[in-house]
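Taken together, the values in this text are just the output of simple stated rules run on the coordinates, not laboratory data. Source: prediction; values computed, not measured. With ideal geometry, Cβ positions are generated from the backbone for all residues, glycine too; neighbour counts draw on all protein chains shown.
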Amino acid sequence: MPELPEVEVTRRSVAGGLLDARVLEVRMGLPLRWPLGREPHTLAGCVCGDIARRGKYLWLPLSRGVDESTEHLPGLPAKASTAAGGLLIHLGMSGALSFGQAPLQRAPHEHFRLVTDRGDLWLIDPRRFGAVVWSTAVDAGPAARLLGGLGLEPFDAAFTGAHLHAALQRRRVAVKTALLAGDIVVGAGNIYACEALFAAGIDPRTRSDAIGRLRAERLATAIRATLSKAVALGGSTLRDFRDAHGLAGAFQAEAAVYGRAGLPCLACATPIRRIVQAQRSTFFCPRCQRR
DNA sequence: CTGGGCTCCTGTCAGC
DNA sequence: TGCTGACAGGAGCCCA
């Protein structure tokens, strides 16, 4: 589910509540995609920093604090938490964060819970493709390994039509497959890649190295426009997605092609087609989108 | 190195 | 009503 807009909406909805919150306890449920990589109890006492986003990952910095829950002898100082680093969080296909109050009717799918003095943060993830991974720094250890291969942020000034064009020239896969790979530009998943290609008037089957400079420019603009509109609408809620306060997104109602197979194109009334590319559904208008 | 396919897991829905 | 198969927002990993 969660593509860049959903992850960004999630980030914004938890940032204020988590900042400066002191971790009291960490509870784990069923295994997620990867292990936490650290004993949960060693995180008690850490203080949450400003949560950041990189692609579809969230990075929650944790600074060293004092573990007040740890038993210690009278007269001796409270045991300092040994942890300093952060948590890299990915929502996978079906994940959502919830902050403050217990999520409703999700009990079997609560697989991670950060108990803090400002409220609790839950990861609800039925399919468990999501992950919460400890890393000593965002640019070291497991986080560096997972973030290392990512492409540019779509709103980074370096992500230009020229950059996209040059990157697409180096590939021979279909342009939609190249966008989904996430090593050129991050954030556009299956929904937004389809929508951006529609907005740019490009057939998703077009070989990436056949995209000219002008169309690459249009595609870069369309990716940014599609993603920013989706963020403004609170993301897309197809099934599971909610922000941390339980609010659903509204972009799904604005989708021009995604999930609209057989329905008339909003621009030309030609039936929207569904095909499969790299094991993922692709939706497009065969008339508005050209090779 | 590139590209294609498989895989993790649960839930939902269409069709019989 | 109940069973079966297809499909779902991601992306790392293995193989040719």
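Taking chain A, how much of its Cα-Cα pair set, in percent, is spaced more than 35 angstrom apart?
Tail fraction, whole percent: 25.
State the Cα centre-to-centre distance between the stretch A:175-214 and the stretch A:129-155 in whole Å.
If you average the Cα positions of each part, the centres end up 23 Å apart.
Given points 7 Å out from each Cα along the Cα-Cβ axis, report the A:R170 to A:R127 separation in nanometres with one decimal.
Label at A:R170, label at A:R127, 2.9 nm between them.
For A:A278 and A:D117 in the same chain, what is the full-extension length gain: residue separation times 0.36 nm, less their Cα-Cα distance, in nm?
Net length gain for the segment: 53.5 nm.
What does the helix-only formula give at 222 nm for chain A: each DSSP H stretch with n ≥ 4 adding -39500 (n - 2.57), the total divided by the residues, and the result rounded to the nearest 500 deg cm²/dmol?
Helix contribution divided over all residues of chain A: -7500 deg cm²/dmol.
Would you mind giving the three semi-axes, in whole Å and largest first, of the ellipsoid equivalent to the stretch A:4-147 according to its Cα gyration tensor?
The answer is 24, 17, 14 Å, longest axis first.
Compute the distance in nm between two label points, each set 7 Å from the Cα along the Cα-to-Cβ direction, one at A:M93 and one at A:M28.
2.3
Report the extension gain between A:Q101 and A:A140 in nm, rounded to one decimal, defined as 0.36 nm multiplied by the number of residues separating them, less their alpha carbon distance.
10.8 nm
Report the label-to-label distance for A:R239 and A:A181 in nanometres (one decimal), using points 7 Å from each Cα along the Cα→Cβ vector.
Here the answer is 2.9 nm between the modelled labels.
Taking only Cα atoms, what is the 0 to 90° angle, nearest 10, from helix A:190-200's long axis to the longest principal axis of chain A?
Computed tilt is about 40 degrees.
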